[in-house]
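Only one structure is covered here, and it is reproduced in the block below.
The values are calculated or read from the model by the stated rules, or taken from the named source; none is laboratory data. This structure is a prediction, so every number in the text was calculated from the model and none was measured. Every residue, glycine among them, receives a Cβ derived from its backbone with ideal geometry; neighbour counts consider all protein chains shown. Side chains are part of the model used for accessible areas, which takes the heavy atoms of the whole protein and leaves out ligands, DNA and RNA. Shrake-Rupley method; radii C 1.70, N 1.55, O 1.52, S 1.80 Å.
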Amino acid sequence: MEMTEDTLYGRVCSKMVEAGLITKEQLAAAEEHSAKTGKRLKDIIPGIALITSEDMGRFLEEKLDVPRVDLESYSPEPEAIRALSGDVARENGILPLFEIEGILTVVLADALDVFELDALSRQVGWSLEPALSADGNVQETIEACYSDSEGGAEQPSAEEAAEGDEEEAVPLNDELEPLPDLEDLPNVEVVTDGMNGIELDKLAVADDETVKGLIGQIVNEAASRGATSIHIEPRRDLFHLFFRIDGELSEVASAAAALQTRLVSRLMRMARLEGSADQGVRNGGLSLIVDERERAVSISVCATSTGPRVVIGLESLVREPIELARLGFVPEDLTKLQLMLDLPTGFILIAGPLASGKTTTLFSCLASLASSGKSVFAVTERMECAHEAINQIVVGSDPSYRFSSILRSLARQDCDVLGVDEIRDLEVAGLAAKAAKSDMLTLATTLARDATAAPSGLIWMGLEPVSLAQVLSGVIAQVPVRLICEDCKVEDKSEVALKAMEALGGPMPYTGAGCAKCDGTGYKGSAMLYELLVAGDKLRTAVSLDKPEGEIRELAKESGMTSMRLAGLRRVAEGLTSVAEVRRVTRLGGA
Ligand SMILES: [Zn+2]
């Protein structure tokens, strides 16, 4: 274990040393003892450094800005609960709270567990971020959340059950309200003339117009730097502005926490989001015209114990489809995909985590089909992509009704190919499968970590395994991976990296050391990792019997699927990305 700043363990330890809570020598002794005896650091460090869990909690809160969450008023997201098994949660005393783009925030029952989080992250395949509880009832809440979810996948979460909610099923992503039609989005014009650099301090004296200008400037700056989302995050005394670029968050600016309210309330008013930013989650969108350029953005405001956390999504910018051959598939997978697309019918799922470019892949496929003389329709939640030969229908604010009525009418439109972006609930899943059955080649995006998780995700929503298996022709799964910065590329001699490359005959792995050109991250630019599952008879039978994911994965590998992990390691062998990056974005043990 190294005390580098880029691991949570490294961050905690260097701050502890800085604060005089432990010396470097004590830490080294603790690590050595742990390596020798297999004892956990959380059991060794308090003995050596005389720290209690309470001290550690205070330290984490004050020095590392680890937030405290009031579990009485904040209920964990059902999706987060599903991300970890009840056994893992109980055994490690962690309560999953929410997942944002591959990072799972967990509340620690014992603050000293922070030492184990990195190891646990690797074990569960999620990047875990710590949070603390404001009132210490974590174990109870873990019990409550998991006893419910283990009672049956369709059970509502603990909080919802407690409220006596009549609704039986909580569909996957139900909490992600779809965006309204682009035309229905509030339009706001912003002029940012004469503004240089993002100065959040301006909020202290700003009038309404200046705040609006600042928002426009933040969005413009993020878009021009190629960011996919903007995060406004309250911490203890400051609030921070992050851009997600190439899949990673990087801090852009920060200002006094008190100033955040002006920014958030202005943003909420612009997006016509009602209610208070201090309660629950609010989602909406905004068509922002910044210096005469239109940008459609999604806005999500989530109340946390330190204040409202805002994510502005820039993914919804309208763009031209990319040629299929330029997406980054290896030639053999491209051929397989082309064969699937050439079939007159079938159901192809395009899976990936949030902001993984699923829609781009969908439209590349649709554009290729449209240019081969087929009548192509796309049903989407917002205007996604501009292509003259794709008939794009944007669903309105009542998506279940509009989706279903549109899909029904398509049969009369003599539609050959249907694209759906994205399957969020059972009704849309059912209609898409039905469209596929009625001789339309159907492609649909869905949120899933990898190719084998996608079919079970739909079955979890309530889709009959048999009706999925009848039509399923394949799954494309994708995840973005950062590329090593060419200016600070070095050989990666770490044991983990060398060991990972053994499977490929041991080529030298590389990594980025971090330099000024890459803001010290070691990475610059990104590429997509894919895995392509072609559903043969055996696999379809397994899906129809709702077999566990592991079994489906085995069958997929037998049928020649190259896992994203292996595809990633091949990129490592080419010197394009690092082992650590591949481990970060792919499921462990998936090779
Ligand atoms: Zn660099």
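Could you give me the radius of gyration and the Dmax of region 447-589, taking only the C-alpha atoms into account and expressing both in angstrom?
17.7, 54
Between D201 and V490, what is the FRET efficiency for a Förster distance of 41 Å, r being their Cβ-Cβ separation, to the nearest 0.05?
Once the sixth-power term is evaluated, E becomes 0.60.
Within the accessible area of the chain, what % is carbon and sulfur when the probe is 1.4 Å and the other protein chains stay in place? Each step should come with its number before you reach the end.
Working: 12530 of 25970 Å².
Here carbon and sulfur together make up 48 percent of the probe-accessible area.
When only DSSP loop residues count, what GluC sites (Glu not before Pro) in region 25-103 have their Cβ near at most 15 other Cβ atoms within 10 Å?
Here the sparse-neighbourhood loop sites are E72.
How high is the FRET efficiency between D55 and D278 when r is their beta carbon distance and R₀ equals 25 Å, given to the nearest 0.05?
That pair, D55 with D278, gives E of 0.25.
Pop out the ³J(HN,Hα) list for region 494-504 in order, Karplus 6.51 cos²θ - 1.76 cosθ + 1.60 with θ = phi - 60°, rounded to Hz; leave Gly and Pro as x.
Whole-Hz 3J(HN,Hα) from phi for region 494-504: 5, 4, 4, 5, 4, 5, 4, 7, 4, 4, 9.
Say R0 is 56 Å: what FRET efficiency, to the nearest 0.05, do T37 and E574 get from their beta-carbon distance?
In this case the efficiency is close to 0.90.
With only alpha-carbon atoms counted, please give the Rg and Dmax of region 226-370, in Å.
Both quantities, over Cα of region 226-370: 19.3, 59 Å.
Where in the chain is the longest stretch that carries no trypsin sites (Lys or Arg not before Pro) classed as loop by DSSP and with at most 15 other Cβ atoms within 10 Å?
273-492
Can you show me the helix-derived [θ] at 222 nm for the chain, built from DSSP H runs with n ≥ 4 at -39,500 (n - 2.57) apiece and divided by the number of residues, rounded to the nearest 500.
-11000 deg cm²/dmol
For the chain, what percent of Cα pairs sit more than 31 Å apart?
That tail contains 53 percent of the Cα-Cα pairs.
Can you pull out the chymotrypsin sites (Phe, Trp or Tyr not before Pro) in region 493-545 whose DSSP state is coil and whose Cβ has at most 12 other Cβ atoms within 10 Å?
none
Restricting to DSSP loop positions (anything but H, G, I, E, B) with no more than 15 other Cβ atoms inside 10 Å of their own Cβ, which GluC sites (Glu not before Pro) remain in region 323-387?
Working: sites: E323, E332, E381, E384; in loops: E323, E381, E384.
Answer in residue order: E323.
Taking amide H atoms as placed 1.01 Å from N in the peptide plane, list the residues 5 or more away in sequence, or in a different chain, whose amide H sits under 5 Å from that of V379.
I393, G419, V420, D421
Share of antiparallel DSSP beta bridges in region 182-313, in percent to the nearest 5?
Of all bridge pairs located within region 182-313, approximately 90 percent are antiparallel.
Which whole-Hz ³J(HN,Hα) couplings does region 37-46 yield from phi under the Karplus relation 6.51 cos²θ - 1.76 cosθ + 1.60, θ = phi - 60°, glycine and proline marked x?
In residue order, the calculated couplings are 9, x, 5, 7, 4, 5, 8, 8, 4, x Hz.
When the Karplus curve 6.51 cos²θ - 1.76 cosθ + 1.60 is applied with θ = phi - 60°, which whole-Hz ³J(HN,Hα) does each residue of region 6-11 get, with x for Gly and Pro?
8, 10, 4, 4, x, 5
Relative to the present Cα-Cα distance, how much length would full extension add between S224 and A258 at 0.36 nm per residue of separation?
Extending this stretch completely gives an extra 9.4 nm.
Quick one: which residues, 5+ away or cross-chain, put their amide H under 5 Å from the amide H of T521? H built at 1.01 Å from N.
C515
Antiparallel versus total DSSP beta bridges in the chain: what percent is that, nearest 5?
Given both bridge residues lie in the chain, the antiparallel proportion sits at roughly 60 percent.
If contacts are Cα pairs under 8 angstrom and at least 6 residues apart, what is the relative contact order of the chain in percent?
10
Counting heavy atoms of the protein chains only and a 1.4 Å probe, report the per residue accessible area for the chain as a whole number of Å².
About 44 Å² of surface per residue is accessible.
Can you give the three extents of the C-alpha atoms in region 8-162 along their principal axes, from longest to shortest, in whole Å?
On the principal axes, region 8-162 reaches 51, 30, 27 Å in Cα extent.
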